[in-house]
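**Q** Right, I'll just put the structure down here and ask away after.
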Ligand code: ADP
Ligand code: MG
């Protein structure tokens, strides 16, 4: 798979007024860097789906431009444009009377690929999303769990190696435990494919977990803040943002803050009984482990090495230092 196949998306002065006069998006400027995972988050009805549907030209903007790698999408042939863009929607939208393999093969078939090439691609993609092609390929969508259907939807969207992936509430139809697992798998998948991903959700926790950058919208597609998760949580730009991300934003911030080895104290004799956390974890993981133990310390481990220990005060100080730096 081509690891560099990602495109830059630029929305400028984009407006969408539906027939009847409802203004879904009044004026949006947004730059989505190539290879980033940008999350559009905001309350229901604020225009998120409308933005996605304008990017792949399911609907046309009333005003403004959308550029893909500098090219005005309104001037790209619609079929050629859709080939560059994979689209995943909430209820997945798999074809019910086609098998999993046939579903994934949809776009390659339209493109006239040879049978062996399609078969190889389907197998590669099912493997990529963690499904066994021998076992699941011949099944029909109703014979899969919600999480498996979701994976098939992602495989189908990636089939022709698009440069952009648009995802509209892709994980909201599955239960919280499956959702959490799918989100983790999805982050690993993105490390492999490095697409430009524009993902819509109404769930702040999902936005914080997944996004490299978060674009927070209010009604009418108004861009309230556009920032990496840590910055959004540390410095909400308006009362609207602060309220939307919630009064527990300090706790949420722990989950996007790495453990800084420089703040650790030496491991002592008492730490034989202290819980451990991986050095790759976050302050949230450290605090969670600390609360599980009874020593008041958590020990940070990197492979064979114990890097040091932290107390709850140390977690607090590290979190405060991060705010000052943001
Ligand atoms: P979100 O995805 O953030 O929930 P949408 O983009 O679906 O929001 O909708 C934004 C606004 O546009 C809402 O007020 C919605 O009712 C309106 N809207 C969406 N689709 C249409 C349509 N086809 N015709 C008229 N109004 C629409
Ligand atoms: Mg929507």
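The values are calculated or read from the model by the stated rules, or taken from the named source; none is laboratory data. Please read all numbers here as calculations on a predicted model, not as lab measurements. Note that we place each Cβ from the backbone using ideal geometry, even for glycine, and neighbour counts take in every protein chain shown.
**Q** Write out, first by first residue and then by second, each pair whose Cβ atoms fall under 9 Å of each other, whose residues are 6+ apart or on separate chains, and whose first residue, in segment 41-57, is assigned by TED's automatic domain parsing to the domain that holds residue 196 and without any contact (Cβ under 8 Å) to a residue 12 or more places away in the chain while the second is more than 7 Å from ligand 1 (Cβ to nearest atom) and part of a loop (DSSP other than H, G, I, E, B).
**A** Listed by first residue and then by second, the contacts come to 53/59.
**Q** Given the condition more than 16 Å from ligand 2 (Cβ to nearest atom), in contact with a helix residue (DSSP H, G or I) (Cβ under 7 Å, 6 or more places away or on another chain) and part of a strand (DSSP E or B), answer yes or no: does some residue in segment 51-62 qualify?
**A** Looking for residues that are more than 16 Å from ligand 2 (Cβ to nearest atom), in contact with a helix residue (DSSP H, G or I) (Cβ under 7 Å, 6 or more places away or on another chain) and part of a strand (DSSP E or B), one finds none in segment 51-62, hence no.
**Q** Every residue in segment 189-199 that is over 14 Å from residue 157 (Cβ atoms) and either within 16 Å of ligand 1 (Cβ to nearest atom) or modelled with pLDDT under 90 (or both), please.
**A** 192
**Q** Only one of 216, 198, 210, 233 is crowded, with 23+ Cβ neighbours inside 10 Å, away from ligand 2 (no atom under 16 Å from the Cβ) and under 11 Å from residue 39 (Cβ atoms); which?
**A** 210
**Q** For the list (1) in contact (Cβ under 8 Å) with a residue 40 or more places away in the chain; (2) more than 18 Å from the chain's Cα centre (by Cα); (3) within 27 Å of residue 17 (Cβ to Cβ), I need the number of the one condition that residue 215 fails.
**A** That leaves (2) as the condition not met.
**Q** Step by step: first the residues of segment 84-103, then only those that are more than 21 Å from the chain's Cα centre (by Cα) and part of a helix (DSSP H, G or I), then the one that is surrounded by the fewest Cβ atoms within 10 Å (Cβ to Cβ). Which residue is that?
**A** The selected residue is 102.
**Q** Would you confirm, using the coordinates I've provided, whether residue 35 is under 17 Å from residue 162 (Cβ atoms), in a strand (DSSP E or B) and either without any contact (Cβ under 8 Å) to a residue 40 or more places away in the chain or away from ligand 2 (no atom under 16 Å from the Cβ) (or both)?
**A** It is false that residue 35 is under 17 Å from residue 162 (Cβ atoms), in a strand (DSSP E or B) and either without any contact (Cβ under 8 Å) to a residue 40 or more places away in the chain or away from ligand 2 (no atom under 16 Å from the Cβ) (or both).
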